[in-house]
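The values are calculated or read from the model by the stated rules, or taken from the named source; none is laboratory data. Given the structure is predicted, the values throughout are model-derived calculations rather than measurements. Cβ sites come from the backbone with ideal geometry, for glycine too, and all protein chains shown count toward neighbours. Calculation scope for accessible area: heavy atoms of the full protein, side chains included, ligands and nucleic acids excluded. Shrake-Rupley method; radii C 1.70, N 1.55, O 1.52, S 1.80 Å.
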Amino acid sequence: MNQPHRTPHDVLESSDFKKLVKQRWSVSLVLTFTMLAVYFGFLLLVAFNKEVLATRIGEYTTLAIPVGLGIILFAWLLTGIYVFWANNKYDSSVENLKNKIQ
């Protein structure tokens, strides 16, 4: 185990802190690019094959409605994944680093 750090500067230069920053960026970028892929996929579908979204799935509804709702729900799911990760992994790691300063 690493020896306790005495100053904030020591913590900022520690491998634990750098690892934590790298993990946060990795999780954030994966979730961001996943959501961007879904949004751009939808936009490309609208731009190049809007007939698919115009397909009727009922008397009054087209496929665009459930696809749009699915995109919104997917964004909520990704937010939930981030919150779960932050609450169970990130926050405890931040607390450990804070304790090293005190």
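Table for the structure above
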item: At most 15 other Cβ within 10 Å, DSSP loop - trypsin sites (Lys or Arg not before Pro), the stretch 1-89; result: R6
item: Share of pairwise Cα separations in the chain, more than 19 Å, in percent; result: 60
item: Heavy-atom surface of the chain, accessible at 1.4 Å and reported per residue (Å²); result: 77
item: About the Cα centre, charge dipole magnitude for the stretch 8-96 (Lys/Arg +1, Asp/Glu -1 at Cβ), debye; result: 220
item: Rh (Kirkwood; distinct C-alpha pairs) - the stretch 45-99, Å; result: 14.1
item: Solvent-accessible area, 1.4 Å probe, carbon plus sulfur percent, for the chain; result: 67
item: Cβ-based charge dipole, the stretch 8-96, positive-most Cα from A75, T55, L43; result: T55
